[in-house]
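Everything on this sheet refers to the single structure shown next.
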Amino acid sequence: MIPVIAKEAKYFEREGITVEYVRVGGSTRIVAALLGGSAQIIHAGEPAVVPAAQRGADVVIVAAFCNAAQHRLIVRPEIKDVRDLKGKPVGITTFGSTSDYILRFALQKYGLDPNKDVSILQTGGQPEGLAAMSAGKIFAQRMGFPFHLKAQQMGMRELIDFSQLGLEENIGAMITTRSFIAQRRGTVLRYLRAYVRGMHRFKSDKEFAKKSYGKFAQINDEALLEANWQEYASHMLRSPRPTIRGIQQVIDSGTLGKVDVKPERLVDFSLVDELERTGFIDAVYKE
Amino acid sequence: MKTAFCALICFLSASILLDKELIAQERITVCFTQAPPEAG
C-alpha cells in the first residue's frame, strides 16, 4: 500500500528510480521471485522469509511501515467459534505464507490440530480465498485490509482480530537480499527514502491516500477506503524500523517447524539507521 | 527571428537534458502480494 502511495506521488521518480510493480499471490512465491532474480525488492510477510533463511537463502527485511498485526480470521456465517472449523476445509494463500502461519496459530490457540482437524487448501491469494469462501469451498481464511471488510460486506464473519492477541508483524515489509544491498545500496536507500515519504503522505494527506489506494485496488466504496485509512494511519510508524519481536513470534509459534535462525539475521537496520542519523526522516516530517 | 531561434535552442537543450534524466533513471522490479478485492 505504501509503495502505491509513493508511486502515485512520484516519489520514486524524484529519487531517480523507475519501479515496475508485479503482483504475485502468496508470500512464498514472491520470495522465490526475489531469490530467482525476477525482483530486486519484494513486499511480503516474514513467515515466508524465515523458512527461506533457514534454508540458507540470502533474504533480509529492511523496513516495515507498521508493527501491529493487521490480520483477521474471516469465516463463513455459520461458523461461530474456531472449534466449529473441525472437519472442514479452510483456506490459505500458499503453504508457508503469512496466511498459513496465522491460520495455524489460531487453530492451535483454540485447541485444534491444523494437520489433523481441518483440511488446508491453497487458494492462491486473498481475493481468490474470498471467492472460495463465498462459494462455500472453504470455511475460513486469514484476511487483511481491505479484504476482511469486503468479506463482511459479502456476509462473512470476522472471528478473530489478531492485534488483540498481542501479535506483532512487519507490515508491508520491504525485503531484499544482502547481496543486492552490497551491490546497489544507493538504490535500496533511495527506494526506502521514497517509501518513508509515502508513509508520511499516507498519514498526512488522507484524501490523496484514499484516492491513490482506491485507484490501485479498484475500490470505489468510500466506507471501505475510510476504514482502510483509519486502520493503517493509526498504526503507521514514524520510522520504518522492523520488529524483531514479530519475527521471534513466528519462530516461537512452531508453525514453521523447528527453526534455528536468529531473528537478528533476518533484519538489516543499517538503512533505517542511516535515514534517522542523517536527519532525513525528521526532515520529511517537517516538510 | 533571433528570439525564436534562441527559444528553439533552449527547447532542444531541455529535451536532451530530459532524455538524459530519463536514461539515468534506475529500473527495478518490485513484487507484492496484495491485490484488489474484485480481482479474484
Q: Taking only the range A:14-34 into account, find how many residues are more than 7 Å from chain B (Cβ to nearest Cβ) and either over 24 Å from residue A:142 (Cβ atoms) or touching a Cys at 6+ places or on another chain (Cβ under 6 Å) (or both).
A: 2
**Q.** Residue among A:211, A:215 that alone is part of a helix (DSSP H, G or I), surrounded by fewer than 17 Cβ atoms within 10 Å (Cβ to Cβ) and away from every other protein chain (no Cβ under 14 Å)
**A.** A:211
Q. Do the conditions hold for residue A:81, that is, is it in the same structural domain as residue A:130 (by TED's automatic domain parsing), more than 14 Å from the chain's Cα centre (by Cα) and surrounded by fewer than 23 Cβ atoms within 10 Å (Cβ to Cβ)?
A. yes
Q. What pairs can you find where one residue is in the range A:86-115 and under 17 Å from residue A:251 (Cα atoms), the other is hydroxyl-bearing (Ser, Thr, Tyr) and part of a strand (DSSP E or B), and their Cβ atoms are less than 7 Å apart, with a gap of 6+ or different chains?
A. none
Q) Can you find even one residue in the range A:219-238 that is touching an Asp or Glu at 6+ places or on another chain (Cβ under 7 Å) and either among the polar types (S, T, N, Q) or at pLDDT 90 or above (or both)? A) no
**Q.** Count of the range A:35-59 residues which are within 7 Å of chain B (Cβ to nearest Cβ), touching a helix residue (DSSP H, G or I) at 6+ places or on another chain (Cβ under 8 Å) and in a loop (DSSP other than H, G, I, E, B)
**A.** 3
Q. Does residue A:72 fit the bill of being among the basic types (Lys, Arg), more than 9 Å from chain B (Cβ to nearest Cβ) and touching a residue at least 12 places away in the same chain (Cβ under 8 Å)?
A. yes
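The values are calculated or read from the model by the stated rules, or taken from the named source; none is laboratory data. Predicted model, so just to flag it, every value in this text is computed and none were measured. Reconstructed Cβ throughout: ideal geometry from the backbone, glycine too, with neighbour counts over all protein chains shown.
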